[in-house]
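A.B. asks: There's a structure below that I have some questions on.
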Amino acid sequence: MDSTGVKRLCFVTTTRADWGLLMPLARALTDCPGIQVQIIAANMHLMEEYGMTVNEITSAGFTVDARVPMQIDGDDEASRVRAMGICMAGMADAFSRLKPDATILLGDRYEMLAIASAAAVMRIPIIHIAGGEISEGAVDDCIRHAITKLATLHLTATEPYRRRVIQMGEHPARVINTGAIGVWNAFNTPLLSASELGEQIGFDLTGDKPIAVITYHPATNDSTSTPAQQMCALLEALDTHPELRSVITYPNNDAGGASIVPVIEKYAALHPDRVKAVRSLGMVRYQSLLRLASVVIGNSSSGIVEAPSAGVPTVDIGIRQRGRLAGPSVIHCGTTASDISAAIAEALSPQMQELAGRRENPYYRPDTLSIMKEAVVKFASTLPVSPKTFYDL
């Protein structure tokens, strides 16, 4: 808190995905009297190979108050651990300079644990978004729960997730079911037309041919096959559906992610008439593409959380998202090409298209952003807070 009583709330964002979810809340809080929004960009935002997406933050009119680069030398787990150490040191410097009264973090990525740990040791209260969820197929699952225990205010996406956070010993008064902000985005983002979006990404999205949105990340708890092998199986399945025009986004930089990129690039180069590889779409282009799509394919949480509210069915591959609540338009399948091909056929069927059009989604609440804003503003008014205690059931 500065000498005028203004509370400094610091958003820390590390990927294109979390910024798309954090941006509406950051914008809403910017307009609140007595609150100063700070932004720290780290990890993938600062990497050319992933589109230098820090520029999406500044082009949206925000100031990036600190940049914390993470050097990642290698594509294995050990390189990520070393990068976490670099990230933690950088966050210590950024927090020391910015002196936030609280920090706002989303999700479960490995670098987010380093960020939360730095905040906890420096006694900066953490507001955590999307706790209480389960994703058994990724190391993110245990990281998410660890961040929950480091955080003080919890904004969960569903009531079952709220109950799970309370079960972990968090006080009910500080665990709030807000709904998922990604779903709010699906209903409140001004969208680009098919021609506008196609011009921006260099791919024809007009006409009647069905469109697939594909995002595939490493399933870091799956040792049955490599991420590259699983991506090859997905692309083999795509060959059985040549009617699809596919937009494939790059994976994140989890261990094994770098091995997927050349597989995608080679496939896109072989099929330029029906495949487009894009490093990063950003929130507006991604939401616009969802509304044009006939199917979402991959293993990203957005296929579980956001796609149903766009009215598009999802083919969720493998174990990465196992354990998450999912609506009726989400089809779970294995990682073989035949499994994926059959699931795509089911998603494209008239019956599943009609079901997806109902937009049934357990993550939906109409007032998500206002609930989040109110909860954060109320919490800010109580800062500084006393150390939290364990809540026994």
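A.B. asks: Would you call V54 touching a strand residue (DSSP E or B) at 6+ places or on another chain (Cβ under 6 Å) and modelled with pLDDT under 95?
C.D. replies: yes
A.B. asks: Quick check on my filter: what residues within the range 86-108 are in a helix (DSSP H, G or I), open to solvent by 40 Å² or more (accessible area, probe 1.4 Å) and farther than 28 Å from A157 by Cβ?
C.D. replies: Hits for the range 86-108 are I86, A89, D93, S96, R97.
A.B. asks: Name every residue in the range 46-82 that is closer than 15 Å to D254 by Cα, without any contact (Cβ under 8 Å) to a residue 40 or more places away in the chain and touching a Gly at 6+ places or on another chain (Cβ under 9 Å), in order of residue number.
C.D. replies: Matches in the range 46-82: R82 only.
A.B. asks: Which residue is nearest to A146 (Cα to Cα), if the candidates are limited to the range 66-123 and must be in contact with a Ser or Thr (Cβ under 6 Å, 6 or more places away or on another chain) and of a type in the set (A, V, I, L, M, F, W, C)?
C.D. replies: Only one residue tops the list, namely A119.
A.B. asks: Can you tell me how many residues within the range 210-231 are open to solvent by 70 Å² or more (accessible area, probe 1.4 Å) and in contact (Cβ under 8 Å) with a residue 12 or more places away in the chain?
C.D. replies: Residues flagged as open to solvent by 70 Å² or more (accessible area, probe 1.4 Å) and in contact (Cβ under 8 Å) with a residue 12 or more places away in the chain within the range 210-231 amount to 2.
So that you can scan it fast, the table gives a plain yes or no per residue for (1) polar (S, T, N, Q); (2) open to solvent by 30 Å² or more (accessible area, probe 1.4 Å); (3) modelled with pLDDT of 95 or more:
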{"position": "K276", "(1), (2), (3)": "no, yes, yes"}
{"position": "V284", "(1), (2), (3)": "no, yes, no"}
{"position": "L290", "(1), (2), (3)": "no, no, yes"}
{"position": "V296", "(1), (2), (3)": "no, no, yes"}
{"position": "S301", "(1), (2), (3)": "yes, yes, no"}
{"position": "S309", "(1), (2), (3)": "yes, no, yes"}
{"position": "P313", "(1), (2), (3)": "no, no, yes"}
{"position": "D316", "(1), (2), (3)": "no, no, yes"}
{"position": "I319", "(1), (2), (3)": "no, yes, no"}
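A.B. asks: Would you mind stating whether T14 is closer than 23 Å to W184 by Cα and buried (at least 17 other Cβ atoms within 10 Å of the Cβ)?
C.D. replies: Taking the combined requirement at face value, the residue satisfies it.
A.B. asks: Hey, another quick one. For the range 19-36, which positions are crowded, with 21+ Cβ neighbours inside 10 Å and more than 13 Å from S280 (Cβ to Cβ)?
C.D. replies: Hits for the range 19-36 are L21, L22, M23, L25.
A.B. asks: How many residues does the range 243-262 contain that are over 19 Å from the mean Cα position of the chain (by Cα) and open to solvent by 30 Å² or more (accessible area, probe 1.4 Å)?
C.D. replies: Final tally of qualifying residues: 3.
A.B. asks: Mind checking which pairs have a first residue in the range 235-258 that is farther than 24 Å from A345 by Cα and in contact (Cβ under 8 Å) with a residue 60 or more places away in the chain and a second that is assigned to a helix (DSSP H, G or I) and among the polar types (S, T, N, Q), Cβ under 9 Å, 6 or more apart or different chains?
C.D. replies: Short answer, once both residue conditions are applied: N253/N43; A255/S79.
A.B. asks: A further question follows. Which residues, taken from the range 130-151, are open to solvent by less than 10 Å² (accessible area, probe 1.4 Å) and of a type outside the set (D, E, K, R)?
C.D. replies: G131, G132, S135, G137, A138, I147, T148, A151
A.B. asks: Residues in the range 64-80 that are modelled with pLDDT of 95 or more and in a helix (DSSP H, G or I): how many?
C.D. replies: 0
A.B. asks: Determine the pairs where a residue that is among the small types (G, A, S), located within the range 149-173, has a partner that is crowded, with 18+ Cβ neighbours inside 10 Å with Cβ atoms under 6 Å apart, the partner being 6 or more residues away or on another chain.
C.D. replies: Qualifying pairs under 6 Å: A151/I126; A151/H128; A157/A130; A157/A180; A157/Y363.
Here is a yes/no grid of residues against (1) in a helix (DSSP H, G or I); (2) closer than 24 Å to T15 by Cα:
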position: P251; (1), (2): no, yes
position: A255; (1), (2): no, yes
position: A258; (1), (2): yes, yes
position: P272; (1), (2): no, no
position: Y286; (1), (2): yes, yes
position: V315; (1), (2): no, yes
position: I319; (1), (2): no, yes
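The values are calculated or read from the model by the stated rules, or taken from the named source; none is laboratory data. Computed from a predicted structure; not experimentally measured. Quick reminder, even Gly has a Cβ in these numbers, built from the backbone with ideal geometry, and neighbours come from all protein chains shown. Each accessible area value is taken on the protein alone, full model and side chains, heavy atoms only, with ligands, DNA and RNA left out. Shrake-Rupley method; radii C 1.70, N 1.55, O 1.52, S 1.80 Å.
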